[in-house]
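For reference, the structure is listed below as structure tokens.
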Amino acid sequence: MRIGVLTGGGDCPGLNAVIRAVVRKGVESYGHEFVGFRDGWKGPLEGSTMTLDVAATRGILPRGGTILGSSRTNPIKVDGGIEKIENNLDALGVDGLIAIGGEDTLGVATRLAGHGLRVVGVPKTIDNDLNATDFTFGFDTAVQIAVDAIDRLHTTAESHHRVLIVEVMGRHAGWIALHSGLAGGANVILIPERPFDIDAVCGYIEKRFARHYAPIVVVAEGATPKEGTMKLADQGVDSFGHVRLGGIGQVLEMEIQARTGYESRQTVLGHVQRGGTPTAFDRVLATRFGLHAIDAMNDGESGVMVALRGTEIERVPLTAATSELKLVPLERYEEVEVFFG
Ligand code: F6P
């Protein structure tokens, strides 16, 4: 077979480990050939390719980013986009496509599978918000990066008796905030699933200072105040209609300082969480996803995604992964509230 591979959406540590595993097993166990598509769906849309053989994947296991490049191109929004992809794949003699991505990339993969194209999906996102898989690779690395930052911020917060606010990624889901806040000993964790009450946040801060410790507030970028309690700035949207986030940390910095009188400083971790080398956990998960994805393609599967269920990798319908997001259940959030304040 001649198999196309692409990585779409926000990059994350572990993408190269998937690519390496797919190619290595595909070539050595099954004798397949590969075509690398550049920059997510832009590659098949424009017929933009690169060589993808065993030599091209040597030494990439620990490397962050993706050798294929990525983009948030949405071919569904392009006039005749799906037909263009079908024609380009035909012209290149591609029999099937392995799409490595999050909800948006896999949403397009689902559409293409519906058009009869052979597609296998691999779940990727630092946000860990894809349904039907217990974990996505990239999440463990992002959490570790955030925890390292929180550990450092604790010491400077103590020296200056300041409130330190750490804004982490998480557009719709607060998994990074929840896990990094818990592992880093945060005093308040704010997530998108649970609109916050600024009075309660300030109450936790006062309580923490009363115990002679300086508080750390971990806030997911998509967290919002309860309606009508605080004003947030309007932002632009990307081609999948997602609002460009970032800014809640700054709003909290000003609001907390004004309300409590304690000096406050924000740190926005931003894309640092997506960069650099993957943790061992993510390298193993990404490699296993890659091995199972090429097996699925070789077995003639289509419209499926590989998923982690417990400790096993299973095949699930792509539709199960893309129909809704995996959000933090309220009871998981309430579990950690005992550490607030
Ligand atoms: O989906 C992954 C993610 O890192 C989100 O956590 C974040 O909101 C978004 O991507 C940022 O996207 P961009 O890199 O396009 O600004």
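Can you say whether Asp134 is in contact with a Lys or Arg (Cβ under 7 Å, 6 or more places away or on another chain) and more than 14 Å from the ligand (Cβ to nearest atom), as far as the supplied structure shows? Working first, answer last.
Working: in contact with a Lys or Arg (Cβ under 7 Å, 6 or more places away or on another chain): yes; more than 14 Å from the ligand (Cβ to nearest atom): yes.
For Asp134, the condition - in contact with a Lys or Arg (Cβ under 7 Å, 6 or more places away or on another chain) and more than 14 Å from the ligand (Cβ to nearest atom) - is met.
Considering only segment 26-47, state which residues are part of a loop (DSSP other than H, G, I, E, B), crowded, with 19+ Cβ neighbours inside 10 Å and not basic (Lys, Arg). Don't jump to the end; show me each part of the working.
If we filter segment 26-47 for residues that are part of a loop (DSSP other than H, G, I, E, B), which is where we start, we get 29-32, 38-41, 47.
Those still in the list that are crowded, with 19+ Cβ neighbours inside 10 Å too: 32, 38-41.
Of everything in segment 26-47, those that are part of a loop (DSSP other than H, G, I, E, B), crowded, with 19+ Cβ neighbours inside 10 Å and not basic (Lys, Arg) turn out to be His32, Asp39, Gly40, Trp41.
Can you tell me which of Phe281, Phe340 is of a type in the set (Phe, Trp, Tyr) and open to solvent by 40 Å² or more (accessible area, probe 1.4 Å)?
Numbers: Phe340 fails: open to solvent by 40 Å² or more (accessible area, probe 1.4 Å).
Being of a type in the set (Phe, Trp, Tyr) and open to solvent by 40 Å² or more (accessible area, probe 1.4 Å) holds for just one of Phe281, Phe340, which is Phe281.
Would it be correct to say that Met305 is over 29 Å from Ile191 (Cα atoms) and not in a loop (DSSP other than H, G, I, E, B)? So that I can check it myself, show each step before the final result.
Values: over 29 Å from Ile191 (Cα atoms): no; not in a loop (DSSP other than H, G, I, E, B): yes.
No; evaluated as a whole, the condition is false for this residue.
Could you list all residues from segment 272-287 that are within 12 Å of the ligand (Cβ to nearest atom) and under 16 Å from Ile100 (Cα atoms)? Give the derivation first.
First, the residues of segment 272-287 that are within 12 Å of the ligand (Cβ to nearest atom): 272-275.
Within segment 272-287, just Arg274 meets the criteria.
Hey, among Val328, Val272, Val284, which residue is at pLDDT 95 or above and outside any helix (DSSP H, G or I)?
Details: Val272 fails: outside any helix (DSSP H, G or I); Val284 fails: outside any helix (DSSP H, G or I).
Going through Val328, Val272, Val284 in turn, the sole match is Val328.
Do any residues in segment 9-20 that are away from the ligand (no atom under 16 Å from the Cβ) have Cβ atoms under 7 Å from those of residues that are among the basic types (Lys, Arg) and outside any helix (DSSP H, G or I), where the two are at least six apart or on different chains, and which pairs are they?
Within 7 Å, the pairs are Asn16/Arg63.
Looking only at segment 58-97, count how many residues are under 19 Å from the mean Cα position of the chain (by Cα) and open to solvent by less than 10 Å² (accessible area, probe 1.4 Å). Outline the logic, then answer.
Applying the first criterion (under 19 Å from the mean Cα position of the chain (by Cα)) to segment 58-97 yields 61-74.
From what is left, the residues that are open to solvent by less than 10 Å² (accessible area, probe 1.4 Å) are 68.
Number of matching residues: 1.
I'm told Gly116 meets every condition in (1) among the small types (Gly, Ala, Ser); (2) within 12 Å of the chain's Cα centre (by Cα); (3) modelled with pLDDT under 95 except one. Can you identify the failing condition by its number?
All conditions are met except number (2).
Return the only residue of Leu252, Leu269, Leu308 being open to solvent by less than 30 Å² (accessible area, probe 1.4 Å), within 19 Å of the chain's Cα centre (by Cα) and away from the ligand (no atom under 16 Å from the Cβ).
Working: Leu252 fails: within 19 Å of the chain's Cα centre (by Cα); Leu269 fails: away from the ligand (no atom under 16 Å from the Cβ).
After applying the criteria, what remains is Leu308.
Being closer than 30 Å to Leu61 by Cα and more than 16 Å from the ligand (Cβ to nearest atom) is the requirement here; does Ala183 meet it?
Details: closer than 30 Å to Leu61 by Cα: yes; more than 16 Å from the ligand (Cβ to nearest atom): yes.
Yes.
The values are calculated or read from the model by the stated rules, or taken from the named source; none is laboratory data. Since the model is a prediction, treat every value here as computed from it, not as a measurement. Cβ sites come from the backbone with ideal geometry, for glycine too, and all protein chains shown count toward neighbours. When the accessible area is computed, the model is the full protein with side chains, heavy atoms only, and any ligands, DNA or RNA have been set aside. Shrake-Rupley method; radii C 1.70, N 1.55, O 1.52, S 1.80 Å.
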